[in-house]
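A short worksheet on the structure shown next.
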Amino acid sequence: MTKTLIFTDMDATLLDHYTYSFEAAKTTLGMLKSKKIPVIPTTSKTYAEMQPLMERIGLKGPFIVENGAAIYIPSSCLENNSNRTIDENGFWCHQFIAGKDHWIGLLSQLKNQYAGQYKQFSKMSISEIQDCTGLDAESASLAVQREFGEPVLWLGNDAKKAKFIDAIKDKGASVLEGGRFIHVSGECDKGKALKWLANKYKNQYKTDTKTIALGDSNNDIAMLEAADVAVRILSPANPPPYVNKDKVYTSTLMGPEGWSEMLTQLLS
């Protein structure tokens, strides 16, 4: 027997790009639940954002947060026999990088050199975050509760941004650019987290695994390339990411409609 695992991005993939609704995916989610196929959100979102979202969608398994920085696993789901874990509200968390305070400390070393060139996410007001992201007040208050990295809103020009990125990298940080934000954290990605968790399932269930990954943007590339099956979901905001694999599927529909379209085809 082979255990199938679904790793999915959230925004513009399982959730609609504009409304954040997963209504179009409900039937497919029900089918996966009946087949006991785990759906594992793999997202840039925080634990604080994902916990209520998991409940709303009806998912009870693991989820990967902050672009692969950590995996939260229900205590009843998989055994905790790994290092670098913390316990939180019925979950155990395997973290791949240092916590947020470490990266904020590195940024503080550059604050004089780049004064006025950026704003740190943790120091922005909820209204400022709303203006930059389009989130409502409640969602913005959850998004700011990051545990493993610090987004930076860049205000300067591109030339200074390049120098800033080089400087923070020289101090040991990794950088992921997304829109107007520069995400400062450690060396992690969604693909490494996918492989770690798939191996965890393989060892506990004593079976091979088949991983299917679905995503819509460049920060999903590592996840798509790490999976056995890569599925690109069409997005109204950006072209499909380039994925270096021999076989890559691409939906004809967008968001949760495309999500359901492709999983129905692949699992029928």
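The values are calculated or read from the model by the stated rules, or taken from the named source; none is laboratory data. Since we're looking at a predicted model, the values are computed, not measured. All Cβ positions, even for glycine, are placed from backbone atoms using ideal geometry, and neighbour counts span all protein chains on display.
Observations on the model:
- Residue 192 vs. criteria touching a residue at least 12 places away in the same chain (Cβ under 8 Å) and not in a strand (DSSP E or B): yes
- Among the candidates 140, 198, residue that is part of a helix (DSSP H, G or I), outside the structural domain of residue 64 (by TED's automatic domain parsing) and surrounded by 15 or more Cβ atoms within 10 Å (Cβ to Cβ): 140
- Screening 130, 145 for residues that are under 20 Å from residue 48 (Cβ atoms), touching a helix residue (DSSP H, G or I) at 6+ places or on another chain (Cβ under 7 Å), in a helix (DSSP H, G or I) and of a type in the set (S, T, N, Q) leaves exactly one candidate, 130.
- Filter result for residue 213 (small (Gly, Ala, Ser) and in a strand (DSSP E or B)): yes
- Applying the condition of being modelled with pLDDT of 90 or more and among the aliphatic types (A, V, I, L, M) to region 115-137 and asking which residue is surrounded by the most Cβ atoms within 10 Å (Cβ to Cβ) yields 129.
- The set of residues in region 106-163 being in contact with a Phe, Trp or Tyr (Cβ under 8 Å, 6 or more places away or on another chain) and free of Cβ contacts under 8 Å to residues at least 12 places away in the same chain is empty.
- Count - residues of region 56-65 that are at pLDDT below 95 and in a helix (DSSP H, G or I): 0
- Qualifying residue in region 241-258 (condition: small (Gly, Ala, Ser) and modelled with pLDDT under 95): no
- Checked against (1) of a type in the set (D, E, K, R); (2) in a helix (DSSP H, G or I); (3) over 18 Å from residue 5 (Cβ atoms), residue 220 passes all but condition (3).
One line per residue, one yes/no per condition, for (1) farther than 20 Å from residue 41 by Cα; (2) among the charged types (D, E, K, R):
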{"site": "197", "(1), (2)": "no, no"}
{"site": "211", "(1), (2)": "no, no"}
{"site": "221", "(1), (2)": "no, no"}
{"site": "227", "(1), (2)": "no, no"}
{"site": "238", "(1), (2)": "yes, no"}
{"site": "241", "(1), (2)": "no, no"}
{"site": "245", "(1), (2)": "yes, yes"}
{"site": "254", "(1), (2)": "no, no"}
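- Looking only at region 143-152, and only at residues there that are surrounded by 18 or more Cβ atoms within 10 Å (Cβ to Cβ) and of a type outside the set (Gly, Ala, Ser), the one that is nearest to residue 188 (Cα to Cα): 148
- Output for region 233-264, where each listed residue is without any contact (Cβ under 8 Å) to a residue 12 or more places away in the chain and loosely packed, with under 12 Cβ neighbours inside 10 Å: 239, 246
- Here the condition is being farther than 18 Å from residue 114 by Cβ, among the charged types (D, E, K, R) and not in a loop (DSSP other than H, G, I, E, B); of 187, 225, it holds for 225 alone.
- Test: residue in region 89-106 that is polar (S, T, N, Q), in a loop (DSSP other than H, G, I, E, B), surrounded by fewer than 21 Cβ atoms within 10 Å (Cβ to Cβ) and modelled with pLDDT under 95: yes
- Those residues of region 141-180 which are modelled with pLDDT under 90 and small (Gly, Ala, Ser), in sequence order: 143, 178, 179
- Counted residues, region 243-253 - those being touching a strand residue (DSSP E or B) at 6+ places or on another chain (Cβ under 6 Å) and closer than 10 Å to residue 232 by Cα: 5
- For region 67-84, the count of residues that are in contact with a Pro (Cβ under 9 Å, 6 or more places away or on another chain), touching a residue at least 12 places away in the same chain (Cβ under 8 Å) and under 30 Å from residue 239 (Cβ atoms) is nonzero.
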